[in-house]
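Data first, discussion second: the structure below is written as structure tokens.
The values are calculated or read from the model by the stated rules, or taken from the named source; none is laboratory data. In this text the structure is predicted, and so the values were computed from the model without any measurement. Ideal geometry is used to build each Cβ from the backbone, glycine not excepted, and the neighbour counts take in all protein chains shown.
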Amino acid sequence: MEVDPLVYLDTNVVGEGDPINKPTSARKHDINQDTEGNPKKHKPEAGDRLDPNLQVDLDNFRMQRLEESRQRIYIPVMAKPNLQARDDSLFPLMDKVQKFLAGQRQVFLVLGDSGAGKSIFNLELEHALWKDYKNDEPIPLYINLPYIDNPAQDLIEKQLQYHNFTEEQILELKQHHQFILICDGYDESQLTVNLHQANRLNQRGQWRAKMVISCRSQFLGPIYTDRFVPQGREYDQRPALDLFQEAVIAPFSKEQVK
């Protein structure tokens with residue numbers, strides 16, 4: 001005889017004629033409810049897909065960001081490898097960052113003087129990534145650091161909350177998606193902390209993300225890489241210089257200004 005899994009029987013029955021132990025009727029018990037009949041709270045697990053509308057909301061977010069950037073005028077930015085490099089060693093910064101995103105490194109620092117075009121470049125990078133975005137690829141997320149309260153903690157969650165993603169959606173994004181963080185204005189936030197390390201990016205159970213982060217050159221001083229070099233992998237907690245890259249934006253040429 002098959003037993004309904006949603007039904008359990010009271011088996012405290014001694015005899016049919018015993019008025020004290022009179023058989024009780026079967027009581028249905030919903031496994032999705034507690035003993036008082038209230039819905040059980042489901043604790044999300046690593047493999048759960050929590051929100052069927054997440055992809056729709058991501059598509060809407062993508063279209064919103066593309067629409068906001070539609071009228072922007074962008075002048076391609078040239079850069080050199082670092083502050084010590086010669087001014088004749090220039091390359092297109094967008095190409096260099098795209099190669100970084102296709103490789104194994106985790107942090108790309110964009111330096112430049114005030115007004116050099118760091119913010120415009122960051123927004124153009126976000127636009128280019130959203131334009132070519134396909135489902136399940138790393139999600140570009142532009143973050144204006146001065147607008148984030150304490151970006152050393154829960155940086156990605158705070159930005160997603162700002163864009164009205166729900167707690168369940170944020171959990172699913174953390175578990176099943178990778179990100180490209182485009183962090184603008186490290187100097188304007190007066191930060192000294194290493195955001196990649198403080199947010200434990202790419203550590204076990206944490207957000208998986210690459211970071212492009214911009215800062216005004218004069219803000220940092222001569223020794224600055226420890227603020228940006230990512231932490232090594234789980235078995236090696238030391239800073240990993242091989243996961244770091246940088247570039248310095250060159251001033252616009254006279255032809256570009258015209």
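Selection within the range 201-249: residues that are part of a loop (DSSP other than H, G, I, E, B), aliphatic (A, V, I, L, M) and modelled with pLDDT under 95. The member of this set that is farthest from Asp113 (Cα to Cα) is Ala240.
Taken over the range 107-157, the residue count meeting the criterion of being surrounded by fewer than 22 Cβ atoms within 10 Å (Cβ to Cβ) and part of a loop (DSSP other than H, G, I, E, B) is 17. Of the residues that make up the range 56-63, is at least one surrounded by 17 or more Cβ atoms within 10 Å (Cβ to Cβ), at pLDDT 95 or above, under 24 Å from Leu145 (Cα atoms) and of a type in the set (Lys, Arg)? No - not one qualifying residue is present in the range 56-63.
Given the criteria part of a helix (DSSP H, G or I) and aromatic (Phe, Trp, Tyr), does Phe165 qualify? It is false that Phe165 is part of a helix (DSSP H, G or I) and aromatic (Phe, Trp, Tyr). Arg49 - would you say it is at pLDDT below 95 and either hydroxyl-bearing (Ser, Thr, Tyr) or outside any strand (DSSP E or B) (or both)? Yes; evaluated as a whole, the condition is true for this residue. Among the numbered conditions (1) closer than 19 Å to Leu101 by Cα; (2) crowded, with 17+ Cβ neighbours inside 10 Å, the only one that Asp242 does not meet is (2).
The condition of being over 17 Å from Asn199 (Cα atoms) and not in a helix (DSSP H, G or I) holds for Gln104.
Counting the residues of the range 101-126 that are in contact (Cβ under 8 Å) with a residue 40 or more places away in the chain and out of contact with any strand residue (DSSP E or B) (no Cβ under 9 Å at 6 or more places or on another chain) gives 3. Candidates in the range 107-119 are the residues that are modelled with pLDDT of 95 or more and either among the hydrophobic types (A, V, I, L, M, F, W, C) or under 18 Å from the mean Cα position of the chain (by Cα) (or both); of these, the one that is nearest to Phe219 (Cα to Cα) is Leu111.
Output the residue which, of all residues in the range 67-106 that are surrounded by 14 or more Cβ atoms within 10 Å (Cβ to Cβ) and β-branched (Val, Ile, Thr), is modelled with the lowest pLDDT. Among them, the one singled out is Val77.
Evaluated against (1) surrounded by 17 or more Cβ atoms within 10 Å (Cβ to Cβ); (2) touching a residue at least 24 places away in the same chain (Cβ under 8 Å); (3) acidic (Asp, Glu); (4) over 29 Å from Gln84 (Cβ atoms), Glu168 falls short on exactly one condition, (1).
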